[in-house]
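K.L.:
Below you'll find the structure I mean.
The values are calculated or read from the model by the stated rules, or taken from the named source; none is laboratory data. All values derive from a computational prediction rather than experimental measurement. Positions of Cβ are generated from backbone atoms using ideal geometry, with glycine treated the same way; all protein chains shown enter the neighbour counts.
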Amino acid sequence: MVFSSPTFLLFFAVLLLFYAGARNYRERAAVILVGSLIFYASWKPVYLILLGLSVSLNYLIYSGLSVTRSKRLLVAGLVLNLGFLGVVKYLGMVLESLLGLGAWLDMPLIGAPPGWVGWALPLGISFYTFHMLSVMIDVYRGEWTHRISFRAWWLYVTFFPHMIAGPILRASELVEQLENLQPLKAKDIQLGALIFMAGLIKKVVFADNLAPLADELFAHPATLDLYTAWLAATTFALQIYFDFSGYSEMAIGLALTLGVVLPRNFLHPYTSRSVREFWQRWHITLSRWLRDYLYISLGGNRRGRARNLANLMITMLLGGLWHGAAWTFVFWGFLHGAYLVLHRLLLDMYARLGVLDGSLVSRALSWLGWPVTLALVWLTWVFFRAPTFHDAWIMTA
């Protein structure tokens, strides 16, 4: 069930009826948890088994961490989650790369991959893995001391509005709300419905109507001239924005209807005047997760400029890989990392030249930043969308 489907709308209406009839917190929590599991099972019931194992094992690790704050337990949690994610999401990519390299060298490196490698990826695994890891890291750092019950843990991980496509939330943003579920309120239902409708319009009216044109243009890269190549990039840039931001707004609206407040995930990203600002406005909760749990863990900007720039690049490379198991996503992350590194170096140069002081030159650079940023981001979307590197190179050559 996708949020924009009639089936989901019927499902949510029934869930609201059960929620409204719940007499106390325990019943309200049961309605949300059962509804979330039904929602997840609607995609592929067998993945409930994997979800159950993951959620339960991670709760055991979290419980131990909350008592001992043991580094070994944290490492065990990281290995368990990232190892499982790596196998189910990236093993096929690695094996295909080795097969391709062997063919290029005319020297087979591996045999045919086992059949299970082609199984479909468990839905939402990248998102719910990040949710659980964030709690463990926060507990280890001493930033989260509130004890989460087994029921609240399940609610936090599986809460259906944010489980499949975010927003990506820290425990401090969601757990206590889910531990204090209140009866429905008219004002929450009204505002939640308005936000949901705004997201639905973005998804159905704009994204779904732009998708066929983007598909057609990207299907024939060799036939595109400069103008139509940019048209393809622009079409996909608008499609992915309306699709993803619309889905996020639908999630925010659904949660608010139930009295749960989720943070904004998009804030007019295509008005940004630098790639750094773009990442403060695009998929905000992912950007924040990468900053707080990867970039800062690598050292952030605390260990000199060279290390800082390397940390930026590593963060964006892994951020690209998180989006999908293909080298085109890694290159997309590399481009954004390169942009951020260049932005830091330019800021250093401008500071030395004294042109960041509100002068005419400073204002001109700021205004010029918008079209330049837009063009740079548009270029990266070609690699994000193109099926292969070859297709992307043809379109950008």
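K.L.:
In region 277-286, is there at least one residue being among the aliphatic types (A, V, I, L, M) and closer than 23 Å to residue 169 by Cβ?
P.N.:
Yes, region 277-286 has at least one match.
K.L.:
Look through region 290-322, keep the residues that are assigned to a helix (DSSP H, G or I) and among the basic types (Lys, Arg), and return whichever of them is farthest from residue 126 (Cα to Cα).
P.N.:
Here the residue is 305.
Residue-wise test of (1) more than 22 Å from the chain's Cα centre (by Cα); (2) not in a helix (DSSP H, G or I).
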residue	(1), (2)
121	no, yes
130	no, no
133	no, no
137	no, no
145	yes, yes
183	yes, yes
194	yes, no
200	no, no
206	no, no
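K.L.:
Let me ask something else. Among the residues of region 351-369, are any touching a residue at least 12 places away in the same chain (Cβ under 8 Å) and closer than 30 Å to residue 130 by Cβ?
P.N.:
no
K.L.:
Testing residue 397 on (1) modelled with pLDDT of 85 or more; (2) under 30 Å from residue 212 (Cβ atoms); (3) more than 24 Å from the chain's Cα centre (by Cα), one condition comes back false. Which one is that?
P.N.:
Going through the list (1) modelled with pLDDT of 85 or more; (2) under 30 Å from residue 212 (Cβ atoms); (3) more than 24 Å from the chain's Cα centre (by Cα), residue 397 breaks only (1).
K.L.:
Could you tell me whether region 375-394 includes any residue that is over 22 Å from residue 234 (Cβ atoms), out of contact with any His (no Cβ under 9 Å at 6 or more places or on another chain), surrounded by 13 or more Cβ atoms within 10 Å (Cβ to Cβ) and among the β-branched types (Val, Ile, Thr)?
P.N.:
no
K.L.:
If I go through region 260-295 residue by residue, how many of them are at positive phi and crowded, with 20+ Cβ neighbours inside 10 Å? Break it down into steps so the answer makes sense when it comes.
P.N.:
Just the residues of region 260-295 that are at positive phi, to begin with: 268, 283.
Add one more test, that the residue is crowded, with 20+ Cβ neighbours inside 10 Å, and what stays is 283.
Result for region 260-295: 1.
For (1) in a helix (DSSP H, G or I); (2) modelled with pLDDT of 95 or more; (3) under 21 Å from the mean Cα position of the chain (by Cα); (4) among the hydrophobic types (A, V, I, L, M, F, W, C), each residue gets a yes or a no:
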{"position": "28", "(1), (2), (3), (4)": "yes, yes, no, no"}
{"position": "35", "(1), (2), (3), (4)": "yes, yes, no, no"}
{"position": "38", "(1), (2), (3), (4)": "yes, yes, no, yes"}
{"position": "54", "(1), (2), (3), (4)": "yes, no, yes, no"}
{"position": "59", "(1), (2), (3), (4)": "yes, yes, no, no"}
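Condition check ((1) at pLDDT 75 or above; (2) closer than 17 Å to residue 269 by Cβ) across all residues:
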position: 353; (1), (2): no, no
position: 357; (1), (2): no, no
position: 368; (1), (2): yes, no
position: 378; (1), (2): yes, yes
position: 392; (1), (2): yes, no
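K.L.:
Let me ask something additional. Based on this model, can you work out whether residue 235 counts as β-branched (Val, Ile, Thr) and either in contact with a Lys or Arg (Cβ under 8 Å, 6 or more places away or on another chain) or modelled with pLDDT under 95 (or both)?
P.N.:
no
K.L.:
Can you spot a residue in region 376-394 that is outside the structural domain of residue 224 (by TED's automatic domain parsing), within 22 Å of residue 291 (Cα to Cα) and more than 20 Å from the chain's Cα centre (by Cα)?
P.N.:
Checked region 376-394: at least one residue is outside the structural domain of residue 224 (by TED's automatic domain parsing), within 22 Å of residue 291 (Cα to Cα) and more than 20 Å from the chain's Cα centre (by Cα).
K.L.:
Okay, moving on. Please work out if residue 265 is in contact with a helix residue (DSSP H, G or I) (Cβ under 8 Å, 6 or more places away or on another chain) and at pLDDT below 95.
P.N.:
Judged against the criteria, residue 265 is not a match.
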